[in-house]
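The values are calculated or read from the model by the stated rules, or taken from the named source; none is laboratory data. Note that the coordinates shown come from a computational prediction; the quantities given were computed from them, not determined experimentally. Here the Cβ positions follow ideal geometry from the backbone for every residue, glycine too, while neighbour counts run over all protein chains shown.
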Amino acid sequence: MKNKKVLIVLFLLATAAAAAYYYFYYLPNQEPEQGEPATADQGPTTTEYDGQYVSGEVPEDWTIVEYQNGAGSTMLTEGVTYAGLTGLEIKNPDGAVVFKLAGVYGIGGVDSCQKYFQFSDDSAAYLAEIQGINAEVSDPAPTIVDLTTVTHQEYELFGVRVRRIEKKLYWDKTAGDAYFQAACGISERIFNFTNPAFTGDGTSIKNYQHTLNETSPESELLELDAILESLATP
């Protein structure tokens with residue numbers, strides 16, 4: 001009788017050990033079968049946007065709207081015949097404009113800077129150039145905004161290096177070198193692209209003012225970063 005009880009106990013222990021091995025070792029180490037969908041988070045679903053002037057990828061329910069031939073901008077001189085992409089909007093699922101580009105033509109100003117945006121890879125020669133421009137027009141030296149240790153998002157938008165800090169975009173005026181020389185003054189919010197571009201009475205124009213929605217949360221702006229980085233022209 002005693003031997004029978006011992007056998008029962010041993011059987012129960014063996015069964016428990018086998019179950020523990022199966023659930024805690026065997027199953028977690030199994031590779032998914034061929035064609036089995038992954039269970040990891042795949043991130044937001046995106047769709048391809050293929051417009052007349054630009055293409056890119058947008059999250060589900062986001063939209064891109066293109067404007068042409070003088071529409072979509074209030075930064076264009078009247079009395080000129082425009083052709084091409086003169087405005088662009090990126091809208092979130094609620095239909096709010098998160099980012100906008102507006103063509104600029106015929107609007108000028110003094111190219112001095114009240115503020116100078118200095119990143120850790122700034123150029124001393126560029127700072128001296130801006131200080132010289134201010135001196136020429138009798139403006140005081142620009143106030144230096146120290147961004148050397150501030151975390152930022154970086155990507156290219158239509159070939160232009162862009163950095164975003166919270167709800168502000170900075171862009172590099174000089175391509176092809178090791179420095180980031182942030183545009184300031186009248187150029188601060190006006191990108192100068194190679195492409196896209198538009199024409200005014202046949203003259204090629206590559207200037208677009210950008211506007212970022214200042215009420216957008218960071219999570220939404222991170223989605224916008226990915227959209228902007230994906231944009232391309234034919």
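What about Ile227, is it under 27 Å from Thr74 (Cβ atoms), at pLDDT 95 or above and either more than 18 Å from the chain's Cα centre (by Cα) or crowded, with 16+ Cβ neighbours inside 10 Å (or both)? Don't jump to the end; show me each part of the working.
Numbers: under 27 Å from Thr74 (Cβ atoms): yes; at pLDDT 95 or above: yes; either more than 18 Å from the chain's Cα centre (by Cα) or crowded, with 16+ Cβ neighbours inside 10 Å (or both): yes.
So Ile227 passes the test.
Working carefully through the options Pro217, Pro196, Pro140, find the one that is touching a helix residue (DSSP H, G or I) at 6+ places or on another chain (Cβ under 9 Å) and modelled with pLDDT of 95 or more. Break it down into steps so the answer makes sense when it comes.
Values: Pro217 fails: touching a helix residue (DSSP H, G or I) at 6+ places or on another chain (Cβ under 9 Å); Pro196 fails: touching a helix residue (DSSP H, G or I) at 6+ places or on another chain (Cβ under 9 Å).
Only one candidate qualifies: Pro140.
Rundown of residues vs (1) part of a loop (DSSP other than H, G, I, E, B); (2) of a type in the set (Asp, Glu), yes/no style:
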residue: Asp139; (1), (2): yes, yes
residue: Ala178; (1), (2): yes, no
residue: Thr199; (1), (2): no, no
residue: Ser204; (1), (2): no, no
residue: Tyr208; (1), (2): no, no
residue: Glu220; (1), (2): no, yes
residue: Glu223; (1), (2): no, yes
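Of everything in segment 95-116, what is of a type in the set (Val, Ile, Thr), in contact with a Leu (Cβ under 9 Å, 6 or more places away or on another chain) and outside any strand (DSSP E or B)? Give them in sequence order.
So the first thing to find is which residues in segment 95-116 are of a type in the set (Val, Ile, Thr), and the list is 97-98, 104, 107, 110.
Within this subset, residues satisfying the condition of being in contact with a Leu (Cβ under 9 Å, 6 or more places away or on another chain) are 98, 104, 107.
Within segment 95-116, Val104, Ile107 qualify.
Residues that are surrounded by 14 or more Cβ atoms within 10 Å (Cβ to Cβ) and among the small types (Gly, Ala, Ser): does segment 200-221 have at least one?
We begin by selecting, within segment 200-221, every residue surrounded by 14 or more Cβ atoms within 10 Å (Cβ to Cβ); these are 200, 205-213, 216, 220-221.
Next, from what is left, pick out any that are among the small types (Gly, Ala, Ser): 200, 216.
Yes: one or more hits.
May I ask you to list the residues in segment 174-191 that are under 29 Å from Gln52 (Cβ atoms) and surrounded by fewer than 16 Cβ atoms within 10 Å (Cβ to Cβ)?
Listed by number, the list holds a single entry, Ala175.
If you scan segment 180-231, which residues turn out to be of a type in the set (Gly, Ala, Ser) and over 28 Å from Tyr82 (Cβ atoms)? Before you say what the answer is, go through the steps one by one.
Step one: list which residues in segment 180-231 are of a type in the set (Gly, Ala, Ser), which gives 182-183, 185, 187, 197, 200, 202, 204, 216, 219, 226, 230.
Answer for segment 180-231, where residues must be of a type in the set (Gly, Ala, Ser) and over 28 Å from Tyr82 (Cβ atoms): Ala182, Ser216, Ser219, Ala226.
For Ala40, all conditions in the list (1) modelled with pLDDT of 95 or more; (2) outside any strand (DSSP E or B); (3) hydrophobic (A, V, I, L, M, F, W, C) hold save one; what is the number of the exception?
All conditions are met except number (1).
Is it the case that segment 181-201 has a residue that's touching a residue at least 24 places away in the same chain (Cβ under 8 Å), touching a Cys at 6+ places or on another chain (Cβ under 9 Å) and of a type in the set (Val, Ile, Thr)?
Looking through segment 181-201, at least one residue is touching a residue at least 24 places away in the same chain (Cβ under 8 Å), touching a Cys at 6+ places or on another chain (Cβ under 9 Å) and of a type in the set (Val, Ile, Thr).
Got at least one residue in segment 150-171 being more than 15 Å from the chain's Cα centre (by Cα) and either more than 27 Å from Glu220 (Cβ to Cβ) or crowded, with 19+ Cβ neighbours inside 10 Å (or both)? If you could, list the steps in order and put the result at the bottom.
Taking segment 150-171 and keeping what is more than 15 Å from the chain's Cα centre (by Cα), we get 150.
Still in the running and either more than 27 Å from Glu220 (Cβ to Cβ) or crowded, with 19+ Cβ neighbours inside 10 Å (or both): none.
Checking segment 150-171: not a single residue is more than 15 Å from the chain's Cα centre (by Cα) and either more than 27 Å from Glu220 (Cβ to Cβ) or crowded, with 19+ Cβ neighbours inside 10 Å (or both).
Per-residue answers, yes or no, for (1) hydroxyl-bearing (Ser, Thr, Tyr); (2) under 30 Å from Asn69 (Cα atoms):
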residue: Val97; (1), (2): no, yes
residue: Gly106; (1), (2): no, yes
residue: Gln114; (1), (2): no, no
residue: Leu127; (1), (2): no, no
residue: Ile130; (1), (2): no, no
residue: Ser138; (1), (2): yes, no
residue: Asp146; (1), (2): no, no
residue: Glu156; (1), (2): no, yes
